[in-house]
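A.B. asks: Below you will find the structure I want to go over with you.
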Amino acid sequence: PTGGNPRSVAVGDFNLDGKPDIVVANFGDNTVAILLGNGVNDTIGQKSFPTGKNPQSVVVGDFNLDGKPDVVVANFGDNTLTILLGNGQGSFTVYETLPASGNPSSIVTSDFNGDGKLDLG
C-alpha cells in the first residue's frame, strides 16, 4: 500500500544499496511514500514524508550535488514545489517549498541551461 489517491511514481536508489526504490505522490494524503526495494520484486519498508497540498507529480535527482538522490514534488492544490533532500538511507527532510503557478500537474528535470546542474521544468 502507498497512501491516499496515488498520482505519480518515480524510481531512485534512495538507500544507496544498488536496488531500485519507488517514490509515490499521494494526492489525497499530502505526502509522498518511499518504498524501499529488495531487488526481488518486493519492498522492505515504507516511509511517508509531508508535501504541499495535493501532490501530483514527482521527480528524482541529486539537486544539492551531495551524491544522494533527492525528490521534488509538484503540489497541484497550493501551487508549490516541495524539495525533499535525501540522506542516502531512505529518509528525507523537507528543504524548501517554492512557489509555482497554474496548479502544477507535472514536473520534469534535466540540465536545461548546460551548466552541469539539474534544473526543474
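None of the figures in this text is laboratory data; all of them are computed from the coordinates on show. Just so we're clear, the structure is a prediction, and the values are computed from it rather than from any experiment. With ideal geometry, Cβ positions are generated from the backbone for all residues, glycine too; neighbour counts draw on all protein chains shown.
A.B. asks: What residues have an amide H closer than 5 Å to that of ASN64, excluding those fewer than 5 places away on the same chain, when H is modeled at 1.01 Å from N in the peptide plane?
C.D. replies: For ASN64, no residues qualify.
A.B. asks: Using a Gaussian network model on the chain with a 10 Å cutoff between Cα atoms, which of LEU65, LEU36, LEU81 fluctuates the most?
C.D. replies: LEU65
A.B. asks: Relative contact order of segment 6-120, please, whole-number percent, based on alpha carbon pairs below 8 angstrom and at least 6 residues apart. Mind dumping the intermediate values first?
C.D. replies: Working: 310 pairs, mean separation 23.1, N = 115.
It rounds to 20 percent for segment 6-120.
A.B. asks: Also: Pick from ASP66, ASP29, ASP111 the residue whose mean-square fluctuation is largest in a GNM of the chain, springs joining Cα atoms under 10 Å.
C.D. replies: Result: ASP111 has the largest fluctuation of those listed.
A.B. asks: Right, something else. So if I average 1/r over every pair of distinct C-alpha atoms in segment 55-121 and take the inverse, what Kirkwood radius in Å does that give? Could you put the intermediate results ahead of the total?
C.D. replies: Numbers: mean 1/r = 0.0821 Å⁻¹.
Final number for the Kirkwood radius of segment 55-121 is 12.2 Å.
A.B. asks: Still on this structure, please answer the following. How many nm separate the modelled label positions at GLN89 and SER106, each set 7 Å beyond the Cα in the direction of the Cβ?
C.D. replies: 3.7 nm
A.B. asks: Separate question: For the chain, what log10 I(q)/I(0) values come out of the Debye formula at q = 0.09, 0.13, 0.17, 0.21 1/Å, with one point per alpha carbon and no solvent?
C.D. replies: -0.22, -0.45, -0.78, -1.15
A.B. asks: Using alpha carbon centroids, what distance separates segment 78-102 and segment 1-74, in Å?
C.D. replies: 11 Å
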